[in-house]
1. Take the Cβ-Cβ distance between B:D146 and A:S43 as r, set R0 to 41 Å, and report the resulting FRET efficiency rounded to the nearest 0.05.
2. How big is the Kirkwood radius of the protein assembly as shown, worked out from every pair of different alpha carbons and given in Å to one decimal?
3. I'm a student and want to see the number: the projected area of the Cα convex hull of the stretch B:711-882, averaged over all directions, in nm².
4. Mind sorting B:K832, B:K713 by how few other Cβ atoms lie within 10 Å of their own Cβ, fewest first?
5. What is the Cα coordinate range of the stretch B:211-351 on the first, second and third principal axes, sorted by size from largest, in whole angstrom?
6. Expressed as cubic angstrom per residue, what is the convex hull volume of the alpha carbon set of the stretch A:56-146?
7. Given bins 10 angstrom wide, list per bin the percent of all Cα-Cα distances in chain B, short to long.
8. What full-extension length gain, to one decimal in nm, is calculated for B:D60 and B:A875 as 0.36 nm per residue of separation minus the Cα-Cα distance?
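Bear in mind that the values in this text are calculations on the coordinates, not laboratory data. Bear in mind the structure is a predicted one, so any value in this text is a computation, not a measurement. Cβ placement follows ideal geometry from the backbone for every residue including glycine, while neighbour counts extend to all protein chains displayed.
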Amino acid sequence: MGYLWHKFLTFTALSCVAATTWAADISGRVSLVDSGKRPAQPSEVVVYFRPDQAVTPQPPTEALVMRTRNKRFEPSVLAVPAGATVRFPNTDPILHNVFSVSKSNAFDMGLYGKGEGKSWTFTNPGLVRVYCNVHQSMVGHVLVLDTPFFSRLDASGQFQLQDIPDGPGRLYVWHERARPLTRSLELPREGQAMELELVLNQRTVPKHKNKFGKSYKRRSRRGRY
Amino acid sequence: MAATESSPRWSLATQIFLLTALLVVLVVGLAVGVGVMQGQRLAQQSVDESLTRSTITQVDIERLRARQAELVAEIIATDTNITSYIRQAAGDELFGDGAGQDTELDRASIADLMAERQAEYEFDLAVVLGVDGEVLARSDRPVRDDETLSEDPLVAEMVAELIPITDIWRDGQDLYQMAMTPMDENFNLIGFLMIGMRIDASFLDEVKRATGAEQIWTTPDGQSLSTLPAVETEQILADLNSSDTTFQALMAGQSDTYRRVLDFGGSSWKINVEPVALDETQVLAAVMSLVPLEPVLAPHRRQWMILGAVGAAAILLGLALSLMFSRRVTRPLSQLSTAAAAASAGDYKQHFDATGSSEIVSLGEAFESLLSELREKQDMEEYVSDLSRFLPDPGMDSGGSNRTQQAGGKPAREELALLALDYRHLARHDESSNAEDSIRRFQASLSQIAALAEVLDASLESFSGHRAIIGFRGAEAVPHALEFSGHVAEHASDKPSMALVMGVVDRGMVRAGLSTAEVLIGRASHQLDLLLEEADTGMMLLSPGIKSSAETLLERFDVQAGVRKGRLSGRKYYALDFPTLAQMASDASERTIAVDVEQTESVIESVSRTREIVPGDVFADRYEVISILGQGGMGVVYKALDRELEDFVALKTLLPDTASDSQYLEQLKEEIRLARKVTHPNVLRTFDFGSHHGLAYVSMEYVRGMTLRFLMKRARLPFSAGLRISRQVCAGLAAAHGEDVVHRDIKPENVILQANGNAKLMDFGIASPVNAGDEGLGVFAGTPRYASPEQMEGKGLDATADVFACGVMMYELFSGETPFPGTDLMEIYMAKRHGTGTPLGEVWTDAPAGVEAVVMRCLAPDLDQRYANGDELGAALGDLRA
């Protein structure tokens, strides 16, 4: 049974320690332990490091993009430094709406059709869930980080953070269905590449309609409903 | 000891009535019974159906409400505006520091959202749960911090299986129809939503409005909702809880839905009790639907009453009809029965007019015909019985059938011409004479004069010793007497002395001991004796009265009465001698055509020729002559004993003249050969033909009776008797015609009537044995009065000739008149040929309907218009009623 519902992404550990004096790299591999029925993708996992000595990130000069395509946000997870501007182009031939009820980054762009879309500048760090109020299944996650050291996992689950100043800090591994995995690190660190395991413990809900087209379980013993 | 109790004999009408009534009652009773039973079944079925409909509708309403709750839950659970809040309330675990969390605020916001939706979607309760069943918000009240529903069975099931569930959900005192569903964000579970519709009084009212059935919900702990007044609800529940074990079992989860009848509030109800249970044992509530029986049963009860009333009416009507029917059916039977009883008691004067069914009608007709037959027979018998007194008594046959007496022994005074004949030469006894010879000679003489008397319409009044007295009546009395005496004078072998007087005498019977004698008292009688004593043999003396009244007659014959001296006294008397008398008689025969008397000569001839045959003789070595029965046109008839068969027969000798004609004899033999084949009760059978000493004879069946002519002379027959005789003659005739035998001489003289009233037709082929094949022979044989025109023309004959003669005979029989009157042959023939006879209705004004038509059809000149034969005529007569 486990072969189907429990996927283990394992990566061979790679040792890769930077030799620069003023900056260190963190690299490693994250294994996803997923008991959900919908397999999680490594690209949905964001790894970020927050030095205790905060480093204010420089927002990119060009807007980052999270587009709507096929009634989905793409990419569904976007990590941006605080102060970055994200544009939400609509590539679908239908109206979409992009909004968020996040307390620090609440916005509502209203409905708009296909086009360049509108932009929003995320000034406050935090997790911003982006929805479309027309399509309930559309949800995107914008991680507004107060650190410039972040990365998504590649297809094989590996990550690499570079040019981090030496010193203590915390490493975070985030996925929407998991409590963030955190590790306190002292940089530069010695030893092998990190081997991490992220458990995706948030449950997924199957489609409500059963094979008979019935969505609700009703008591049948009495034959009432 | 075994007292035979006479069982009551019910009348047919009563039996039919009782049977019909029983059938009617049975059928109607059965129909009503079946109707009521069927009605009861239908009523029960109707109640059950009503209850079933009610529960189905109730379930439908609940299902609709459940679906409504489900839809609301769907809408809310998929509303991004709400799910985003709920997701938000779950926290943003980005940095693990709980930054930005404000649980209270989130929950309040969610609760507020739910309250808004509640107002919008009209549900009663919304509960938002976290992923583990912890209560995040309720629409009805604030939520405690650690409040959770994870222990609730339904919630636990949903959390475990992540499936939506709809069911009855109990929350404290309240019951809800609850739709519960997980909420997700892109399939990631974010919590659960419960949307509930409260089961309350308004819901029950709604169900009641839709189903027409009262509703009660009750929980095991005694909570209840009802559409009935509280008092009645309590009473019902108390009843069920205390005495209904099935209900108790149901509330304990050990019994399923059931139905029963319950009485409360003064009426009966049928209730359906259904458990609402979470699982096999945990019962949340019992749902009851109540249907009052009365409104459902009332229409049926009305129907039963109507059915009963109609049934009763049908029975009453059926009884009345069956009574009417039975009476109607049996009325003719009852009348018939009464008539039959009367008839069996001898009263045939019943008439029965049958109406109704064809069987009754034909029965009535048959009965009427039977009665008519009996009436006719009775009349006939009465008539014959009356007349049979004229018949000679057994043992006195020697007197001959023609020895007649007028009106029996009833005394009468009348004017007569009296002719006395005295054979006094027989009184002289000498050597050569003997008793046998003298008696035989007197017998022969007597037979001659009796035969003559018959022909000349005279009567043999009395005879004694060697004397006989003949009486003549009517206007022609004296000429007839003279004619009579003339014949005697001409033909008699023994010459008598004669005397003729005219006067009034008293006639009658006297009796002395066992002997009876006929007497004539009067001066005429005395005068007759006196004259006879004075008359010599071969001489007739006339009284002065006769002399004067016969003067004209004598002149006509150009004779004169002489005067003679009396034999004893020597006094002078008027007298006629025998030669003169003989001349007068022969002249008379030439000058008058009296149809009835045309055979006189031959009679005298035959009598004289056969005078040798006297009683005691044996004829043809076989027939012992007993007596002379009579004389007819063809010869003399004797009663004889056939020694071979030891039975009486009638022997008819034929005139010697005809008997010597060999061609005639051959024809006669052929005719008799055919006639012998006719065997019928109404036909006098012909046995044999032979000859003895040159005298041809025919032997025939001997019957004791009278000829119809004899009867008709005496008195007119009653119509019924005449009809009966006619039918019998026709029956006999039909039998003969069936054998291709034609009678050719139907007349009253040839019909003999037995004492029992049976008529027989006699002399087949004998009276006029002219062969039908001898057409154009031109010889007429028969009796002109009765013969058909074609017969008078001497043509060949067929059955229609007999029908014609029958018609004449019936005409005469019924009316006493003849249809073709006249004394001239040509006159009679012309009337017949042209059909100008007197219609029957003219001489018989009250002729019954149909009789004239039948009779006159027989008399049609055209053969084709008559009845074809005796059979057809008999059928036509059969339709007539006396």
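1. Efficiency, from the Cβ-Cβ distance: 0.55.
2. One over the average 1/r among Cα pairs gives 44.8 Å for the protein assembly as shown.
3. 9.3 nm²
4. With the fewest neighbours first, B:K832, B:K713 line up as B:K713, B:K832.
5. Per principal axis, max minus min of the Cα coordinates gives 103, 29, 24 Å.
6. 72 Å³
7. Bins of 10 Å from zero give 2, 9, 13, 12, 9, 6, 4, 4, 3, 3, 4, 5, 6, 6, 5, 4, 3, 2, 1, 0, 0 percent of pairs.
8. That works out to 284.3 nm of additional length.
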